[in-house]
Amino acid sequence: QVQLVESGGGLVQLGGSLRLSCAASGSFFSISAMAWYRQVPGKQRELVAAITNGGSADYGDSVKGRFTISRDNAKNTVYLQMNSLKPEDTSVYYCKADIAKNILSSPRPYWGQGTQVAVSS
């Protein structure tokens with residue numbers, strides 16, 4: 001059973017920083033892309049940042065220059081460093097990983113349970 005477990009959310013003041021982590025565990029063959037999404041009630045889940053297994057990263061326009069995504073392939077973990085946080089960053093943050101269960105299977109998306117980030121003004 002593949003699991004993604006997020007940590008690092010919490011309450012922070014305007015301009016503060018947080019670092020989210022998401023670790024994949026269980027039995028699987030490989031992880032390709034990993035990403036962070038966020039969602040507030042009543043809105044669609046939006047892509048925050050994504051990173052390939054080679055380290056190429058992409059960001060949503062609203063977080064460029066403030067957030068940094070990184071990964072440690074040896075630990076099957078993806079991170080999201082969030083700086084200069086704003087109230088509009090308040091959301092539930094979800095990690096996603098494209099995981100192949102075995103050498104013959106194609107990667108499919110797995111999601112974490114979400115972690116709450118709240119930014120106060």
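So for each of 33-44, 77-88 I average, over its residues, the number of other beta carbons within 10 Å; can you give me the resulting order with the highest mean first?
Most protected by this proxy first, the peptides run 77-88, 33-44.
Starting from the Cα of residue 102, step 7 Å along the direction of its Cβ; do the same at residue 81; then give the gap between the two resulting points in nm.
Once both label points are built, they end up 4.0 nm from each other.
In the calculated pair distance distribution of the range 2-47, what percentage of Cα-Cα distances lie above 12 Å?
Result: 74 percent of Cα pairs exceed 12 Å.
Could you size up the charge dipole of the chain around its Cα centre, putting +1 on the beta carbon of Lys and Arg and -1 on that of Asp and Glu, and report it in debye to the nearest 20?
100 debye
Take every Cα-Cα distance within the range 25-90, group them into 5 Å bins from 0 onward, and report for each bin the whole-number percent of pairs it holds.
3, 16, 27, 21, 16, 11, 6, 1
Just want the answer: with Cβ charges of +1 for Lys and Arg and -1 for Asp and Glu, which residue in 50, 112, 35 is farthest toward the dipole's positive end in the range 12-121?
112
Grab the other residues whose beta carbon is less than 12 angstrom from that of residue 92, score K and R as +1, D and E as -1, and report the net.
Summing Lys and Arg as +1 and Asp and Glu as -1 gives 0.
Can you pull the semi-axes for the chain, root of five times each eigenvalue of the Cα gyration tensor, sorted largest first, whole Å?
Whole-Å semi-axes of the equivalent ellipsoid: 26, 14, 12.
Determine the dipole magnitude for the range 23-69: charges of +1 sit on the beta-carbon of Lys and Arg, -1 on that of Asp and Glu, nothing else is charged, the reference point is the Cα centre, and the result goes in debye to the nearest 20. Walk me through the numbers before you get to the answer.
Working: 5 positive and 3 negative charges, 33 e Å.
Around 160 debye, computed over the range 23-69.
Order the peptides 52-60, 12-20 from the highest to the lowest mean number of other Cβ atoms within 10 Å of their residues.
12-20, 52-60
Give the accessible surface of the range 1-93 per residue, rounded to a whole number of Å², with probe radius 1.4 Å and ligands, DNA and RNA excluded.
Here the residues of the range 1-93 average 53 Å² of exposed surface.
Counting other C-beta atoms within 10 Å, and keeping those with at most 10, which DSSP coil trypsin sites (Lys or Arg not before Pro) do you find in the range 56-121?
Those that pass, being in a loop and sparsely packed, are 64.
Using a 1.4 Å probe on the protein chains only, how many percent of the accessible area of the range 50-121 belongs to carbon and sulfur?
48 percent
The values are calculated or read from the model by the stated rules, or taken from the named source; none is laboratory data. What you see is a predicted model; the values in this text were computed from it and never measured. Reconstructed Cβ throughout: ideal geometry from the backbone, glycine too, with neighbour counts over all protein chains shown. The protein model used for the area step is the full one, side chains on, heavy atoms only, and it has no ligands, DNA or RNA in it. Shrake-Rupley method; radii C 1.70, N 1.55, O 1.52, S 1.80 Å.
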